[in-house]
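To keep things clear, I will list the structure first and then write my remarks on it.
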Amino acid sequence: MSLKIKLPDGAIKEFEENVKVIDVARSISDGLANSSLAGIVNGKKVDLDYEICQDAEVSIITFKSEEGPEIYWHSTAHLMAQAVKQLFPEVKVTIGPAIDNGFYYDFDSEKAFSDSDLEKIEQRMKELSNEKLPYVRKEVSRNEAMEIFKAMDEPYKLEILSEIPEDEVLSLYSQGDFTDLCRGPHLSHTGKIKAFKLLRSSGAYWRGNENNKMLKRIYGISFPSKKELKVYLNNLEEAKKRDHRKIGKELDLFSINDDIGPGLVLWHPKGAMIRHQIETFWKEQHLEYGYNLVYTPHIGKGQLWETSGHLSFYKDGMYDSMEMDGIDYYVKPMNCPFHIMIYKSSKRSYRDLPMKLAELGTVYRNELSGALHGLMRVRGFTQDDAHIICTPDQLEEEVEKLLDFSLMVLGKFGFENFEIYLSTMPEKSVGDPNEWQAATESLRKAIEKHNLDYKIDEGGGAFYGPKIDIKIKDALDRSWQCTTIQFDFNLPTRFDMDYIGSDNKPHRPYMIHRALLGSIERFFGTLIEYHAGNFPVWLCPVQVKVLPISDATSEYANEVLEALKKRGIRAQIDERSEKINFKVREAEMEKIPYMFVVGGKEAEEASVSVRRHTKGNLGVIKLEDAINLVLEDKE
RNA sequence: GCCAACGUGGCUCAAUGGUAGAGCAGCUGAUUUGUAAUCAGCAGGUUGGGGGUUCGAUUCCCUUCGUUGGCUCCA
């Protein structure tokens, strides 16, 4: 459909193709009826706040199968705020945006919102939705807005307004007795919101700053129909089944024990076998890619952490010191200083560079108790850490190799969907801005060379250098940073690192920190959720389970087991006097990829009945062929 | 650390202001089985820890620890 709109300067703009209008909201400006609309133009989401020409075709659609439900959610947030203000007039409103998955609204309230309060609010929202209250837009000057919110006694809105320039024109949106400061756009009326659910309440600091007051936040989601809401809630339940904490328990992979301490992981035999496969692969590949493997201690003298700056900037994140012979030692929160000491153990020449030191280094950090989360955020974890020390002219090539390496490794584990972020120089930083620029450009070039989508986190770099992060989403759509490639313009100076160049003069080298998996714990967590426990065969702790039908075939079943083991396949046998149905069921629940069922028939003709996890019975196959089938799948 | 919810045997979950009950797992025995649960018996809990209210608490209150969801932080 095509759409014509009149821009504020009077010009007419016409969109020819692929225009989808998400919704149109009526508004009143200077006494004239106006409309604001949000739409999708050529696949891109746009907020249009202009007058629609009389002759323009506009058909209102919902976001059912389109992108851009933000307007919907934002309007629901306003609806919720209205309901809350009616039920609890003493509550002060703050902000309520749409987020990736729904919306929230933060309230300043002495009282916490209980589950029954949420039900009450939902009920009131239903009533307000039935009233089909129009969302009315009104443009006002900043000072007018100040007067309005002063009269309403809304201090948080006043605080926001006080930071806006006086000459700016602002928009207010009202529905019924509720008015909010808001850019819009919004739905035309509250009746459009047909299905919603308040999901949970939680605390949130005003403006995200922990020195500010803790507000009460309510999260919710809404849809144009009850059916979509039902599907959404159902998906949410399904996603919880992939939770690594649940699967970790079911498959007996790991545990975290109260008596040992929060955030400290026990790797059970099956989880440890998977980790062993990961580590073996990791080490082989690093040797292949020109890294040197190193090992370093778990503790180091306070002086070392003084030099590195950790004790002045990161002390809260470190476990407390322990004393030996009158000297304080600290458990390491990072491996860098140790690798630097290896570098500095002898005089280095430009011919030694690039030097790549890699270690599966176990570190301990005092993470806030409230931040701990299964394997995703723990207090003791092993980073697949490496430091690349190079000359300025090696920079670009090294960064490119590094990204290649990262993508190859992620691919090996089956990861295909991830988000890439490039973080640039923050306000407070150390190092030469020209070097920052060169480093940032080398990162950008490497990403673009791979033709990858990425987002720029402007000013999101560490104070010591720009970085690339790769984040992987968990079952509930939360992103976790795994791969990280970080420049460091801080430590080489602090530790006075140098190399002798071809000019026979000392130079400061570049240093890059990088972790491909991030931490093995977190990586394992995302791996579990990504595959829902159905790991690629090469990682499975048990790849084949041999299931004899009865004691009569026990001898042959053991021959099969031995044949598998001889070919390097991790196999087990289930010789219990149980029915085959029961053994199959258990093997299926253990998510073992291959089950070899053997009975009299198979014993006679040296074959096995192959069953593939989630795929079912593949039929009787000669033992040798069955083994080759597994070996192929293992690659 | 902050806000909130939750915490019952190894696991999943019941119940009640009057000293806890089931299924699975475990153990013992029987069963020898053809692609997702064979049957029977037995054993297992000072209801996260501490304190209080009460004639009596697992249930109500306080506190502490832990978990979960957010905030903050971050691999």
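Computed from phi, the 3J(HN,Hα) profile of segment A:161-177 under the Karplus parametrisation 6.51, -1.76, 1.60 (θ = phi - 60°) reads 4, 5, 9, 9, x, 5, 8, 7, 8, 10, 10, 10, 10, 10, 9, x, 8 Hz, with x in place of Gly and Pro. The HN-Hα couplings worked out from phi for segment A:352-368 by the Karplus form 6.51 cos²θ - 1.76 cosθ + 1.60 (θ = phi - 60°) are 7, 9, x, 10, 10, 10, 10, 7, 7, x, 8, 10, 10, 10, 8, 5, 4 Hz, whole numbers, x standing for Gly and Pro.
Roughly speaking, what is the stretch gain from residue A:183 to residue A:123, that is 0.36 nm per residue apart minus the C-alpha to C-alpha distance, in nm to one decimal? Show your work: numbers first, answer last.
Numbers: separation 60, 0.36 × 60 = 21.60 nm, distance 2.72 nm.
Extra length available between residue A:183 and residue A:123 comes to 18.9 nm.
With the Cα gyration tensor of segment A:201-357 giving a ≥ b ≥ c as the square roots of its eigenvalues, does the rule (a/c under 1.5 for rounded; else a/b larger than b/c for prolate; else oblate) give rounded, prolate or oblate? Judged from the Cα gyration tensor, segment A:201-357 comes out prolate (a/c at least 1.5, a/b above b/c). The gain in end-to-end length when the residue A:250 to residue A:344 segment is fully stretched comes to 29.1 nm, 0.36 nm per residue minus the alpha carbon separation.
The separation of segment A:220-242 from segment A:447-497, counted between C-alpha centres, amounts to 33 Å.
Here segment A:343-478 is treated with +1 on each Lys and Arg Cβ and -1 on each Asp and Glu Cβ, and its dipole about the Cα centre works out to around 520 debye. Each of A:185, A:297, A:538 was placed along the dipole of chain A (beta-carbon charges, centred on the mean Cα), and the one lying farthest toward the positive end is A:538. Seen against the Cα atoms of chain A and their longest principal axis, helix A:115-130 is set at about 50 degrees. Against the main long axis of the alpha-carbon atoms of chain A, helix A:142-152 sits at an angle near 90°.
Measuring against 18 Å, Cα to Cα, the residue pairs A:401/A:449; A:270/A:615; A:270/A:622; A:241/A:591 contain A:270/A:615; A:270/A:622 as the ones spanning a longer distance. Using the Cβ of residue A:272 as centre and a radius below 14 Å, the other residues enclosed give a net charge of 0, where K and R count +1 and D and E count -1. Across segment A:615-628, rounded Karplus estimates of 3J(HN,Hα) from the backbone phi angles (6.51 cos²θ - 1.76 cosθ + 1.60, θ = phi - 60°) give 9, x, 6, 9, x, 7, 10, 4, 3, 4, 5, 5, 4, 4 Hz, Gly and Pro being marked x. Rolling a 1.4 angstrom probe over segment A:290-409 with all protein chains present gives an accessible area of which 50% lies on carbon and sulfur atoms.
Each part reduced to its alpha carbon centroid, segment A:82-120 and segment A:530-555 end up 51 Å apart.
For chain A, the Cβ-based charge dipole about the Cα centre amounts to some 1180 debye (Lys, Arg positive; Asp, Glu negative; other atoms uncharged). Computed over neighbours whose Cβ is under 15 Å from that of residue A:306, the net charge equals +2, Lys and Arg +1, Asp and Glu -1. The amide H of residue A:199, built 1.01 Å from its N in the peptide plane, has A:219, A:220, A:221 as neighbours under 5 Å, considering only residues 5 or more places off or on other chains.
With respect to chain A, whose longest principal axis is taken over its alpha-carbon atoms, helix A:520-531 is tilted by about 70°. Counting only protein heavy atoms and a 1.4 Å probe, chain A has 49 square angstrom of accessible area per residue. Positive contributions from Lys and Arg (+1) and negative ones from Asp and Glu (-1), summed over other residues with Cβ under 13 Å from the Cβ of residue A:108, come out at +2. Ligands, DNA and RNA left out, the accessible area of segment A:128-239 computed with a 1.4 Å probe is 49% carbon and sulfur. Summed over qualifying helices (DSSP H, 4 residues or more, each -39500 (n - 2.57)) and divided by its residue number, chain A shows a 222 nm mean residue ellipticity of -10000 deg cm²/dmol. Since only A:408, A:394, A:511 are under comparison, the one whose Cα sits farthest along the positive direction of the charge dipole of segment A:379-526, derived from C-beta charges on Lys, Arg, Asp and Glu, is A:408. For residue A:111, a cut-off of 26 angstrom between C-alpha atoms picks up these lysines, skipping any fewer than 8 places away in its own chain: A:85, A:92, A:120, A:126, A:150, A:157, A:197, A:213, A:216. Distance between the modelled labels on residue A:167 and residue A:299, one decimal in nanometres: 6.5 nm (7 Å Cα→Cβ projection). Put simply, the amide H of residue A:188, placed in the peptide plane, has neighbours under 5 Å in A:24, leaving out anything fewer than 5 places away on its chain.
Cross-link partners of residue A:240 among aspartates and glutamates, defined as those whose alpha carbon lies under 13 angstrom from its own and excluding same-chain residues fewer than eight positions apart: A:474, A:477, A:529. Residues whose amide H comes within less than 5 Å of that of residue A:483, counting only those at least five positions distant or on another chain, are A:470 (H built at 1.01 Å from N in the peptide plane).
Only four residue types carry charge here, +1 at the Cβ of Lys and Arg and -1 at the Cβ of Asp and Glu. Report the dipole size of segment A:86-211 about the Cα centre in Debye, rounded to the nearest 20.
Its charge dipole is roughly 640 debye.
Taking every C-alpha pair closer than 8 Å and separated by at least 6 residues, the mean separation divided by the residue count of chain A gives a relative contact order of 9 percent.
The values are calculated or read from the model by the stated rules, or taken from the named source; none is laboratory data. Quick caveat: nothing in here was measured; it's all calculated off a predicted structure. A quick note on method: Cβ atoms are made from the backbone with ideal geometry, for glycine too, and the neighbour counts reach across all protein chains shown. We work out accessible area using only protein heavy atoms, side chains counted, and drop any ligands, DNA or RNA first. Shrake-Rupley method; radii C 1.70, N 1.55, O 1.52, S 1.80 Å.
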